[in-house]
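Input: a single structure, listed below in structure tokens.
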Amino acid sequence: MRQKMDNFGRKLYPILSIGFFLANLMMQYVFFKVFFINPGMNGDENGYFYYVSRHPDFSISGISNAISQPYIFVCTLLNYIFHDTALTNRTVSLACGVFLLIYLFRYFKRHKFLSFVSTNPFFNDLTLFSLLFAVITIIRGHFVGTSDIISVAFAVPGFILLTETIQSDSRKNLWYVGLLFALAFTSRPTFLVILLAYLSAFSVFYTTKLFSKAMLSTAIFFIFFTALINFYPLLEHGKIVIDDKEPPVSSGTSWFEMNYLMAKKWDSGELPRTKWLSSGDVIEFKKIHPEFIFPKNHLDIIKNDTGMFVRQMLRMFAISMYSSIRFLYLLFPFLMLFAFRKKSSDERKTARFTIMFYGIALFLFMFMRLKMMEFRWMHIPMLFFAFYAMDCTKNSSEKTRLWLFNGTFLMGILFFVVGFFRDL
């Protein structure tokens with residue numbers, strides 16, 4: 001009976017792998033129509049659209065003083081060809097997504113374990129490609145004209161190269177890692193939150209290497225390239241330019257106050273989870289309720305509004321666990337279980353490090369955003385997680401890998417089918 005089940009799973013593997021790929025391809029077709037060819041603006045596109053459309057003349061000083069310099073640099077150059085700012089910005093994002101997919105696919109094939117199942121090698125390649133494709137594209141950043149995906153495209157290879165370099169006690173490519181980190185940071189400053197999470201986990205599992213020559217060299221290159229990208233603002237204003245979405249002081253409010261008020265209203269049932277308040281909404285609230293005192297910081301909330309804070313953290317944690325399974329499928333629980341297997345190995349250490357990196361990043365974003373964190377902020381650790389989860393399958397039996405990948409493919413197909421009929 002067991003042998004029959006194994007044979008059945010082996011026969012299902014190529015069918016489900018193709019079905020999973022086609023389901024994701026159809027999902028991307030829907031995303032393409034909704035976001036890429038959207039005549040309006042998607043989410044945070046306005047700021048980038050405004051800058052590129054209002055600065056048609058390319059200049060190094062102008063780019064250096066812009067928000068998200070790497071992204072604006074490429075968009076400004078490409079806009080000379082398209083003369084369509086929305087199309088230009090979205091095309092750059094799409095190109096970054098394609099680059100990241102190709103890079104991770106080729107790097108994994110060259111350096112990692114790919115014999116998932118003893119079958120036609122094409123289906124193992126398809127498994128790797130489909131899973132990377134799914135995790136990269138599920139956030140939809142590659143169809144939106146913002147700096148999200150370009151930061152991910154720089155950061156993920158950087159973190160993987162740094163991890164591989166440290167684990168092999170090598171000092172190669174450190175300048176390259178520093179450059180990638182500088183490009184990721186200047187593209188989107190939330191990269192620093194991810195970097196903090198990475199270093200926190202690193203200090204636990206690679207304590208003796210935290211201040212090694214390799215890590216210090218990477219830090220020096222990171223600072224050097226960040227300063228180089230910000231040469232003009234440092235020269236003229238003595239500070240770097242970051243893509244800061246904080247409302248101006250003149251508006252009379254802040255992101256912290258907006259998030260706190262949204263959290264309060266969501267907690268009391270006055271505001272749906274999917275709705276966000278604007279700075280204008282907060283200012284209007286202040287006029288109507290002048291007696292209301294906003295907390296000064298997160299510690300103030302923990303001290304004086306403990307119940308709301310705990311409830312929000314629990315809500316965000318529950319939603320984040322669902323999103324982790326939704327976006328990483330069975331790779332998420334697999335790596336969790338693999339990390340606590342009794343047999344010690346380098347792969348188990350990597351698995352535990354990956355889980356801690358992911359968990360700390362998740363906690364930091366939940367703590368920072370009281371109302372509701374956006375899971376697109378977790379895109380970098382998500383891809384890092386998927387990359388090493390697939391590599392750790394080499395320590396499992398082929399039977400386990402069949403269950404893992406077949407279950408993942410089936411889950412992905414079911415998510416697509418449910419979403420399709422829900423949106424009819």
### Task
At a 1.4 Å probe radius, which order do GLU291, GLU164 fall into by accessible area, largest first?
GLU291, GLU164
### Message
What is the distance in Å between the Cα centroid of segment 1-72 and that of segment 390-412?
### Response
25
### Query
In sequence order, what are the phi-derived ³J(HN,Hα) couplings for segment 196-201 according to the Karplus relation 6.51 cos²θ - 1.76 cosθ + 1.60 with θ = phi - 60°, rounded to whole Hz, with x for glycine and proline?
4, 4, 4, 5, 5, 5
#### Entry: With DNA, RNA and ligands ignored, accessible area of ARG376 (1.4 Å probe; Å², nearest 10)
60
### Message
Along the charge dipole of the chain, pointing to its positive end and built from +1/-1 on Cβ of Lys, Arg, Asp and Glu, which listed residue (LEU234, MET368, SER320) has its Cα farthest out?
### Response
SER320
### Query
How large is the accessible surface per residue of the chain, computed with a 1.4 Å probe and reported in Å² as a whole number?
49
### Query
Using the per-residue mean of other Cβ atoms lying within 10 Å as a proxy for protection, in what order, highest first, do the peptides 363-369, 233-239, 17-23 fall?
17-23, 363-369, 233-239
### Task
Please list GLU257, GLU374, GLU270 in order of solvent-accessible area, largest first, computed with a 1.4 Å probe with all protein chains present.
GLU270, GLU374, GLU257
### Task
Mind ranking ASP125, ASP84 by accessible surface for me, highest first, 1.4 Å probe?
ASP84, ASP125
### Query
Can you pull the accessible area of LYS33 for me, 1.4 Å probe, Å² to the nearest 10?
100
### Message
I need the shape label for segment 85-194. Rule: rounded when a/c is under 1.5, else prolate if a/b > b/c, else oblate, with a, b, c from the alpha carbon gyration tensor.
### Response
oblate
### Task
Given the peptides 94-105, 216-227, 48-59, arrange them by the average over their residues of other C-beta atoms within 10 Å, most packed first.
94-105, 216-227, 48-59
### Task
Calculate the length of the line joining the C-alpha centroid of segment 194-243 to that of segment 74-110, in whole Å.
25
### Task
Ignoring everything but the protein chains, give the 1.4 Å probe accessible area of VAL177 in square angstrom, nearest 10.
0
### Message
Helix 398-422 against the longest principal axis of the chain: what's the angle in degrees, Cα atoms only, rounded to the nearest 10?
### Response
50
### Electrostatic dipole magnitude of segment 1-132 [Cβ: Lys, Arg +1; Asp, Glu -1; Cα centre; debye, to 20]
820
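The values are calculated or read from the model by the stated rules, or taken from the named source; none is laboratory data. Quick caveat, the model's predicted, so the values are computed rather than measured. Note: ideal-geometry Cβ built from the backbone for every residue, glycine included; neighbour counts use all protein chains shown. For accessibility, only protein heavy atoms count, side chains too; no ligands or nucleic acids. Shrake-Rupley method; radii C 1.70, N 1.55, O 1.52, S 1.80 Å.
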